[in-house]
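One structure below.
The values are calculated or read from the model by the stated rules, or taken from the named source; none is laboratory data. Since the structure is predicted, the reported quantities are computational estimates derived from the model, not experimental observations. Cβ atoms come from the backbone with ideal geometry, glycine included; neighbour counts cover every protein chain shown. Accessible surface is based on the protein model in full, side chains and every heavy atom, while ligands, DNA and RNA are left aside. Shrake-Rupley method; radii C 1.70, N 1.55, O 1.52, S 1.80 Å.
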Amino acid sequence: MAAIELQGVVKRFGPITAVNGLDLDVPEGICLGLLGPNGAGKSTTMRLLTGQAIADEGKLRVLGFDLPKESKPARAAMGVVPQLDNLDVDVTVEDNLAVYARLYRVADVGAAVDRALQIARLTDRRDAEVDKLSGGMRRRLLLARGLVHDPDLILLDEPTVGLDPQIRTELWTLIGDLRARGTTILMSTHYIEEAERLADEVAVMHKGRIISRGRPADLIAEHAGRQTAEVYAPPQRLAELRTAAEAAGLRVRPAGPAIAIVGSERADNGVIPEDAVVRAATLEDVFVLLTGEEAE
Amino acid sequence: MSAQPETVAAAPIKAPRPKAMRRLEPAAIAGVMSREVANFRTYWKGTTFSSVLEPLVYLLAFGLGLGATLVDEVEGVPYIQFVGTGMVATAVIFSSALPSMFGTFVKHRFQNTYEAILAAPVDVEELVTAEMLWIAARSAVYGCVPLVVTFFWGLDPAPGMLLVPIFAFVTALGFAGFGITMAAVVAKIDQFNYVTALFITPLFLVAGTFFPISGLPEGVQVIANVNPLHQLVELVRGGAFGFEAVDILRFAFLVAFALVTWRFAVNRMSARLID
Ligand SMILES: Nc1ncnc2c1ncn2[C@@H]1O[C@H](COP(=O)(O)OP(=O)(O)O)[C@@H](O)[C@H]1O
Ligand SMILES: [Mg+2]
């Protein structure tokens, strides 16, 4: 049984179609990265999975429960880590966890809190007010709160958005631990590196549906080939090179001040200029080619 | 620190995984209330201080000021005791309607607290019910403060007063439901000014706290009679000075008020919280 099965899911907000015919299967035990630019419909998908948004069309099953009808028992078995920090800031770390242990009807609240503190490496901060924690500790607590009942499935909605690099790395370590323990994870992100590092499989989401799915290496091989050539030059020359490369049947994407000629190993002599930097193709190449959005 | 890897316990943590769950589960309601209790522990001093000081100030200003100069007795009761018993209603509305309005708004739109709670196995109905019960429980306590304060001005304890916390609780449920509904309906927090000016202040003034409503023009008396706060004032005075048969109807009215605002609050919050 798949942990998540979505078929033809549509969710509209007035004139906006946030989720537009989404098909998504998440098998048990993997970490699936839902990679998409801002506005792709990632958070809406997460809210559909917790019954906080009701789909207009389509079939949704989570851990064997039909949504939205059986969303309550489904929520009891899954853990959610939101995009925005919504901890109770005036109360202690311990109280934050204890309240959620109760909301999840955990029998031994004290043991659950201890365990969550260990996971978040916050045991020595249990009596601290959340206000007094560093940004990284708060994010770890937010993660621990979603794990307090030892869920079978975890939804992480852009777990490191807006964090500085050091905190991001800390969080990646924790998520990596979860993954190593075999917990099923659905993690949305618009950071390529996050998907690349943590996800067993990546589903690229764009305009409310999945446009490509696979292991990062397979996606790269399929959509970008082996190598990418990057050229830094004045705009005039970049435009000429681009036209030439596209005429030769190659795909070109902007890369900040440069252009990236994707699949450069297939280029005929002379198409790739001497001063190009040739590197291995990346998931970023795939993402930009598929979505047309500059990567972050 | 030892070099041993941290061991993470497994068995008793796992929450139950029921196949189906009911509506209005006590465990969900208790869980939401436990969040309120944890927060209350951080701010109870200020709230309690003002809830004790406010009736004191009113009693001194109105009771002693008016009582000493203009009025001795109302309906056969010393004026200060008349005001003191009436002020139970003041304490109840200000400790229920306002905190539920502002608290709900802040938790919902600024802190995203409800978003987090609803990701757990808690329904909007349980969430709203828990918030109402918590506010009402607090109001039932704070509502008794003016009564206790008035003991110092010669009000005699009476057995009927034991019912005052229950009257206060039911009334506060209604105003909490009203406040939550308003928090769900308004677009911006400053629109609470309209709610206060249009509902809270008039209800507070024509409740019969400071003067008997029988002295008001007939049109206003009609309004006073559908004012839940007026029913509470009468019930508290009943508890202090003797009940009348009609008090049963007053209590029934308050229960109905609580039920109606409860359903409104659940309905409006669902519309806000579930897309
Ligand atoms: N509650 C809502 N009301 C109206 N529009 C919404 C709502 N939630 C999301 N949207 C819109 O749906 C689209 C997808 O949003 P979202 O799921 O948040 O994307 P992502 O998380 O991938 O950035 C966006 O255009 C967003 O503005
Ligand atoms: Mg999002």
Taking the range B:143-160 and keeping residues farther than 17 Å from B:Leu254 by Cβ and assigned to a helix (DSSP H, G or I) leaves B:Val145, B:Pro146, B:Leu147, B:Val148, B:Val149, B:Thr150, B:Phe151, B:Pro159
What single numbered condition from (1) in contact with a strand residue (DSSP E or B) (Cβ under 9 Å, 6 or more places away or on another chain); (2) more than 13 Å from ligand 1 (Cβ to nearest atom) fails to hold for A:Lys42?
(2)
Which of the residues belonging to the range A:78-124 are open to solvent by 10 Å² or more (accessible area, probe 1.4 Å), more than 7 Å from chain B (Cβ to nearest Cβ) and assigned to a strand (DSSP E or B)?
A:Thr92
I'm trying to understand the selection: among the residues of the range B:235-275, which are of a type in the set (Phe, Trp, Tyr) and not in a helix (DSSP H, G or I)?
B:Phe243
Lone qualifier among A:Thr123, A:Thr160, A:Thr173 - being touching a Lys or Arg at 6+ places or on another chain (Cβ under 7 Å), free of Cβ contacts under 8 Å to residues at least 60 places away in the same chain and either in the same structural domain as A:Leu34 (by TED's automatic domain parsing) or within 16 Å of ligand 2 (Cβ to nearest atom) (or both):
A:Thr160
Determine whether A:Leu63 is touching a residue at least 60 places away in the same chain (Cβ under 8 Å), open to solvent by 10 Å² or more (accessible area, probe 1.4 Å) and more than 9 Å from ligand 1 (Cβ to nearest atom).
yes
Looking at A:Asp127, A:Asp108, which one is more than 25 Å from A:Leu186 (Cβ to Cβ) and in contact with a Pro (Cβ under 6 Å, 6 or more places away or on another chain)?
A:Asp108
Within the range A:43-85, how many residues are within 16 Å of ligand 2 (Cβ to nearest atom) and either in contact with a His (Cβ under 8 Å, 6 or more places away or on another chain) or aliphatic (A, V, I, L, M) (or both)?
7
Residues being free of Cβ contacts under 8 Å to residues at least 60 places away in the same chain, polar (S, T, N, Q) and more than 7 Å from chain A (Cβ to nearest Cβ) - total across the range B:96-125:
0
Checking A:Ala229 against (1) in the same structural domain as A:Glu274 (by TED's automatic domain parsing); (2) more than 18 Å from A:Ala281 (Cα to Cα), which single condition isn't satisfied?
(2)
Going by the conditions given, is A:Leu142 open to solvent by 20 Å² or more (accessible area, probe 1.4 Å) and within 16 Å of ligand 2 (Cβ to nearest atom)?
no
Suppose we filter A:Ala107, A:Ala55, A:Ala98 for residues that are assigned by TED's automatic domain parsing to the domain that holds A:Val9 and within 16 Å of ligand 1 (Cβ to nearest atom); which single one remains?
A:Ala55
Of the conditions (1) open to solvent by 10 Å² or more (accessible area, probe 1.4 Å); (2) assigned to a helix (DSSP H, G or I); (3) closer than 19 Å to B:Asp123 by Cα; (4) within 16 Å of ligand 1 (Cβ to nearest atom), A:Leu48 clears all except one; give me its number.
(1)
Of the residues A:Leu289, A:Leu283, which is at pLDDT 90 or above and under 23 Å from A:Asn38 (Cβ atoms)?
A:Leu283
At pLDDT 95 or above and at the interface with another protein chain (Cβ under 7 Å from one of its Cβ atoms): which single residue out of A:Lys72, A:Lys11 fits that description?
A:Lys72
Those residues of the range A:125-157 which are aliphatic (A, V, I, L, M) and at the interface with another protein chain (Cβ under 10 Å from one of its Cβ atoms) amount to A:Leu142, A:Leu147, A:Val148, A:Leu155
Scan A:Ala217, A:Ala224, A:Ala180, A:Ala195 and give me the residue that is surrounded by 21 or more Cβ atoms within 10 Å (Cβ to Cβ) and more than 16 Å from A:Arg251 (Cβ to Cβ).
A:Ala195
Return yes when A:Pro68 is over 22 Å from A:Ile16 (Cα atoms) and open to solvent by 10 Å² or more (accessible area, probe 1.4 Å) and no when it is not.
no
Condition broken by A:Asp23, with the remaining ones in (1) within 12 Å of ligand 1 (Cβ to nearest atom); (2) surrounded by fewer than 21 Cβ atoms within 10 Å (Cβ to Cβ) satisfied:
(1)
Pick from the range A:160-186, criterion within 14 Å of chain B (Cβ to nearest Cβ) and part of a loop (DSSP other than H, G, I, E, B), ranking: nearest to ligand 1 (Cβ to nearest atom)
A:Thr183
